[in-house]
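In what follows, a structure is listed as structure tokens, so that the remarks can point back to it.
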Amino acid sequence: MVKTKKKAIILDLDNTIYPANSIGEEVFKNLFLLIAESGEFKDITPIKQAILRKPFQKVATEFNFSEALTHKCINLLKNLTYEKEIKPFEDYAKVKHMAVKKIFSYFRLY
């Protein structure tokens, strides 16, 4: 077996570096409100749970968001910020000190 040197590691920020549910309700409060007030869904609980685990665009497709609601949500997400500390998983300290390039994925605007 040939051993190769690792050159990079690709990480998704939420649920890989930190638990998304630890800040999700606060971060996505206005998004959840927008979805609830749209009147498109009777119960948004499954949508909220999915948003904490999957990219928004996939959730919008999976739950058949209207095009108008999808665009409103994306516009809201484009300007979303979170200024408080985010506590990573304990084992992130090991990843942080690895001698490789770290590439982080996040919300994509497409």
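The values are calculated or read from the model by the stated rules, or taken from the named source; none is laboratory data. Keep in mind that what you see is a predicted model, and the values were worked out from it rather than measured. Methodologically, a virtual Cβ is constructed for each residue, glycine included, from the backbone with ideal geometry; neighbour enumeration extends over all protein chains shown.
The figures follow:
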quantity	calculated
Residue that is surrounded by the fewest Cβ atoms within 10 Å (Cβ to Cβ), among those in segment 18-62 that are farther than 12 Å from residue 77 by Cα and among the polar types (S, T, N, Q)	45
Positions within segment 49-70 being at pLDDT 95 or above and either closer than 13 Å to residue 25 by Cα or of a type outside the set (Val, Ile, Thr) (or both), in sequence order	60, 62, 63, 64, 65, 66, 67, 68, 69
Any hit, segment 39-62, residues being β-branched (Val, Ile, Thr) and touching a residue at least 40 places away in the same chain (Cβ under 8 Å)	no
Whichever residue in segment 1-47 is among the basic types (Lys, Arg) and at pLDDT 75 or above and, among such residues, is nearest to residue 65 (Cα to Cα)	42
Contacts under 9 angstrom Cβ, first residue in segment 79-90 being closer than 14 Å to residue 25 by Cα and of a type in the set (A, V, I, L, M), partner at pLDDT below 80 and assigned to a loop (DSSP other than H, G, I, E, B), 6 or more apart	80/107; 86/13; 86/17
